[in-house]
1. Give the residues of the stretch 100-155 that are loosely packed, with under 13 Cβ neighbours inside 10 Å and either modelled with pLDDT of 80 or more or under 24 Å from GLY68 (Cβ atoms) (or both), sorted by residue number.
2. Give all pairs with beta carbons closer than 7 Å in which a residue from the stretch 62-86 that is at negative phi meets a residue that is charged (D, E, K, R) and in a helix (DSSP H, G or I); count only pairs at least 6 apart in sequence or on separate chains.
3. Do we have GLY17 as loosely packed, with under 14 Cβ neighbours inside 10 Å, over 25 Å from the mean Cα position of the chain (by Cα), farther than 22 Å from VAL214 by Cβ and modelled with pLDDT under 65 here?
4. Kindly state which helices (runs of 4 or more DSSP H) lie completely within the stretch 93-212 and contain at least 1 residues that are among the hydrophobic types (A, V, I, L, M, F, W, C), out of contact with any helix residue (DSSP H, G or I) (no Cβ under 8 Å at 6 or more places or on another chain) and over 22 Å from ILE81 (Cα atoms).
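The values are calculated or read from the model by the stated rules, or taken from the named source; none is laboratory data. Computed from a prediction, not measured in an experiment: that's the story for all the values here. Here the Cβ is made from the backbone with ideal geometry for all residues, glycine too, and neighbour counts use every protein chain on show.
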Amino acid sequence: MRTAEPTDHASSPARPGPARSSSRSWLAIGGRFVALLGALLLLGVIADEIREQEAIALDMVATPFLHGLATPALDAVMAAITTLGWFVVAPLFVLGVAWLAWRRHGDEARFLAVAVVGSVALNETMKLLFHRPRPQLEWAAVQPEFSFPSGHSMNSLVLYGALAVIVWALRGRRAGSIAAAIAGILVLLIGTSRIYLGYHYLSDVAGGFLAGAVWLAIAYAGFMNRRVVVPGQAAGPDAPSSTRPIQPMRPS
């Protein structure tokens, strides 16, 4: 009598089937949708308060608290950090788009251009709609533009966030996670510097973050729809972006 030959099915690790992978994809999409909806609702609440010219309690707490920490050295640090929200954003944006185009990463270059240009246009439009005056503080210089939402906060979140997305797409999850962490720290520091220096209220910065996150999510969705694999073409690191496999961002 012949005995059944042993198979290696028991020893081989179980792999998630199509149904399980599909469930995870739908859960990720659902999670992003809920996060986007929450950001929109919170932005709507803040914007409604600003439109009614009502004081927000946290605005009356955050500015005095941060100003109470002021020292000449910290003033210099915050002044340097706040430049990362505009004076560095503009040249970094131009260099980023130019480098991506030169390296034949066309989809990434377009994504970065649409994200940042759209953010600047949206921010200026919102400022004109809400007409919120800048903080009037004895120790801070009053800026000429309107206050809500903070352009430094919104545009820096979109730029540095978009760059993190591009690093993730081109270099993988590990490099993308590091880039996202660096972007998050930079954006938080920039937003804090705007309140510390008396240029914005906390609600201006929060509104800038939320509006930037919503716009970046919209731009990211369009970017992922563009990243398709062309059958029969090589997918190397220097290949055009449309020929490389999709490396979607997944929740860790």
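1. Within the stretch 100-155, TRP102, ALA121, THR125, LEU128, PRO133, GLN136, GLU138, TRP139, ALA141, VAL142 meet the criteria.
2. As it stands, the answer is THR82/ARG194, since those pairs meet every condition given.
3. Yes: the conditions hold for GLY17.
4. Filter on the stretch 93-212 gives 106-130.
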